[in-house]
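Shown next, in structure tokens, is the structure this report addresses.
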Amino acid sequence: MNILHVVPSFAPCFSHGGVVNASYQIAKKQVENGHNVSVYTTDSCDKRLKFKDNYNVDVDGIKVFYFKNLSNTFKNKMTIDTPVSLINYLKKTITEFDIIHIHEHRQSLAIATHRYAKKNNVPYVLQAHGSVLLVFQKEKLKEIFDNMWGFDILHDASKLFALTEVEKEQYLKMGVPEDKIEIVPLGINIDEYNNLPEKGNFKSKHNIGSDEKLILFLGRIHEIKGLDLLVKSFSRISEDNVKLAIVGGDYGFKEELEKLIETFDLKDKVLFPGVLTGKNKIEALVDCDIFIMPSRYESFTTSGLEAMACFKPLILTKNNHIQSWVKDNVGLVCEFDENDLFNCIETLLNDDSLCEKFGKNGRKLIEEKYDWDKVSKQIEGIYHDCINNY
């Protein structure tokens, strides 16, 4: 198949969150399976991406076209892309593809892709990545977008990918017919977690004692992630031998956290290692005792899957869409509440056998359901159905 992925940001801009990683992993697996895969994206990242030629860059066999945003600053502040040259290129090339995979629908690239895919009778699937309903921020702007473009982008898709049953219900609330919705989870490359590094590397690098326990958050440092709740709950832990590592890039919330940390006199107990990838990320996961994602809203937790692959127990808030299969199976689930989160942390800190049970269950579940090889085969099957039935 000739496959096109359309996504606002792409590798190597992994600091822009899970959508970048998911689209990259899917495209990479499709190349490995013998397909011709292209990606239309922008040069947007924390700093503008620069290549010798921003068009047709080879990324692990994926043909990636990084269209220049008129303003990278405007993109990072308003999350609005302005890749003007994309439009003419899309018009000229869209008929070369058998199927198009749009990642997120409330973005300018999706508007252009929807228009020319429909005009040229090219089928597309859409993966909202948790952004279906009007939640948390910019609700009025999202409502305006939906009325002008969003509903049409959703309803004209051949198939829509829901990460969970919760997201499927969200599509239904947007008026999408049920037979158009497929539940397609995210995954990880299980091979990367088959030979885990020895314990102690991360702790040694950050002056954490081998006898100290480590709580880990891995994700964007953003208000939506609930890190203020985590710091408040962590401040109530009376044991002196527990550290908290908040791993990830700053999305405008680190200063607020640092004020909280100073208020609770936690400077010696909380560390910010920055963005970790590859071996460094796995070392952090191996050395942690508990993985926590205390989000205000979360559709899926890929970093939670990575923790499960390292045999670690999870703690999530009920705002996470995967909480239904995490609860009392691979971890604990709490209300978005300081007391409830603290109680969950204390439970796992004081029950090694429960942590071990959750860790083994999590690893088994990853191997059975959340390996990218399995997810990729499911996606390719859906592509074929869309092409044959279009």
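Bear in mind that the values in this text are calculations on the coordinates, not laboratory data. Because the structure is a prediction, the values reported are computed rather than measured. So basically every Cβ, Gly included, is an ideal-geometry build from the backbone, and we count neighbours across all protein chains shown.
What to note about this one:
- D by Stokes-Einstein for region 155-292, Kirkwood Rh over Cα pairs, 25 °C, 0.890 mPa s: 140 µm²/s.
- Residues whose placed amide H lies under 5 Å from that of Ile181, excluding near-sequence neighbours: Leu160
- Relative to the dominant Cα principal axis of the chain, helix 18-32 is inclined by about 60°.
- The trypsin sites (Lys or Arg not before Pro) of region 216-268 that meet both conditions, a loop assignment by DSSP and at most 10 other Cβ atoms within 10 Å of the site Cβ, are Lys267.
- Under 15 Å from Lys52, Cα to Cα: aspartates and glutamates that are on another chain or at least 8 residues apart: Asp43
- Choice from Asp371, Asp289, Asp179 with maximal GNM fluctuation in the chain (Cα, 10 Å cutoff): Asp179
- For the cross-link pairs Lys168/Lys318; Lys225/Lys269; Lys168/Lys369; Lys254/Lys327; Lys205/Lys279; Lys232/Lys327, the ones whose C-alpha atoms lie over 24 Å apart are Lys254/Lys327.
- Selected from Phe264, Phe311, Phe253 as most flexible by GNM, with the chain as the system and alpha-carbon contacts under 10 Å: Phe264
- At 0.692 mPa s and 37 °C, Stokes D of region 190-369 from Kirkwood alpha-carbon radius, µm² per second: 204 µm²/s
- Relative to the longest principal axis of the Cα atoms of the chain, helix 352-369 runs at roughly 10 degrees.
- Computed from point charges on the beta carbon alone (+1 for Lys and Arg, -1 for Asp and Glu), the dipole magnitude for the chain about its Cα centre is near 1340 Debye.
- Angle between the chain longest axis and helix 372-389 axis [Cα atoms, degrees, rounded to 10]: 20 degrees
- Radius, Kirkwood style, for region 233-276 when every pair of distinct Cα atoms is counted (Å): 11.2 Å
- Residue-by-residue Karplus 3J(HN,Hα) for region 166-177, coefficients 6.51, -1.76, 1.60, Hz, glycine and proline x: 4, 5, 4, 4, 5, 4, 4, 5, 8, x, 7, x
- If you run the Gaussian network model on the chain, springs between alpha carbon atoms under 10 Å, then out of Lys119, Lys180, Lys364 the most flexible one is Lys119.
- Measuring between alpha carbons in the structure, the pairs from Lys159/Lys364; Lys29/Lys68; Lys199/Lys364; Lys142/Lys173; Lys203/Lys312 lying more than 18 angstrom apart are Lys159/Lys364; Lys29/Lys68; Lys199/Lys364.
- Cα gyration tensor category, rounded, prolate or oblate, for the chain with a/c compared to 1.5: prolate
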